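We did not get these values from a lab; they are worked out from the coordinates using the rules stated. What you see is a predicted model, and the numbers here were worked out from it, not measured in a lab. For neighbour counting, all protein chains shown are included, and Cβ atoms are generated from backbone atoms with ideal geometry for every residue, glycine included.
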Amino acid sequence: MDLLSELKKQLANKNDFLANGPSTEIGQEWLSRTKELIAKVDHGMSREFDDLGRKSALPLSAMTMDPMLARMIVILRNAIHYLDLSRETPSNNRKSEAQSRSPINQRKNIHWEYWSEIYSNIRKFHHNNRRWLWAVIVVIVLLSLAYLGRVEYTPEISTWIGKFSAAKEFSVTIPMNKSIFDVANEIRGMTSNEQVIFIKKFVGLRTIRESGTIFDIGTDNRYVLIYGKNTGGLVSCYFNSEWSPWFGVAKKDMEINFAGTVSGYNLGRGWVELNDCDLFPQQQPVNGS
């Protein structure tokens, strides 16, 4: 039996080698014989095959072992291909041309070969089962949306210019059925724990039209403390930016009409906090009059 036939026989017996593993007696015999035959074709290729064979006998993971075994089979195929090319170009003058065309001198990274084969198999699987795969993806998306809706998830988008929330755009604001100053008076005599529990009933609700007097204005002309005109009680309002010029000329003890959304209770300061506050349209800026 000539060298090419023996190499093809070893290739045909590769399944026995892969099934038993390189550390078994059958595996060692296959490695030894294949290395001996490849050495007659190319010494560089034989050294690479022998190096991989020695490493394959170690207790390695499948992630490491599989590319090595795949590369060894590729080396064997390359040796067979090289001999075929040599037979087609027997002349010594064309021997170098056959070697340059041989895959022996075009070896690829074993990991690249392994993962390219995995990628090819995945593509084939997707092509053959794409309808079922898309059905599974749609089901997963629907289940995710149902879960997010159940936990009342509010999407937020963070960018370099700030954070944007969909809560304001997609939520329905429910008005309160009592004055925010009554709430401020009622909560004042409670313990801290009671205050936290009590204010939760009103968080997110929009106040009714309120009337109060300015107690203090922040330096940004948006953060304003307001005192109840008739009932007392102190609330803090964070007004929208459109009202900043108005508060730039407003004075302490001025009477204003406003509304806002309850956001919480400041335990340290002792006042109810409102966000997204607005003055009523008929409110006009007054210059000391």
Separation between Cα centres of region 1-67 and region 178-198, rounded to whole Å: 81
Which of Ser120, Ser179, Ser86 has the fewest Cβ neighbours within 10 Å, and the rest in rising order: Ser120, Ser86, Ser179
Label-point gap, in nm, between Phe198 and Ile137 - each point 7 angstrom along Cα→Cβ: 5.5
Ile118/Lys55 FRET efficiency (R0 25 Å; Cβ-Cβ; nearest 0.05): 0.75
Segment Gln28-Leu145, length gained on full extension (0.36 nm per residue, minus Cα span): 36.6 nm
Point-to-point label distance, Phe280-Arg188, nm (Cα→Cβ direction, 7 Å offset): 2.4
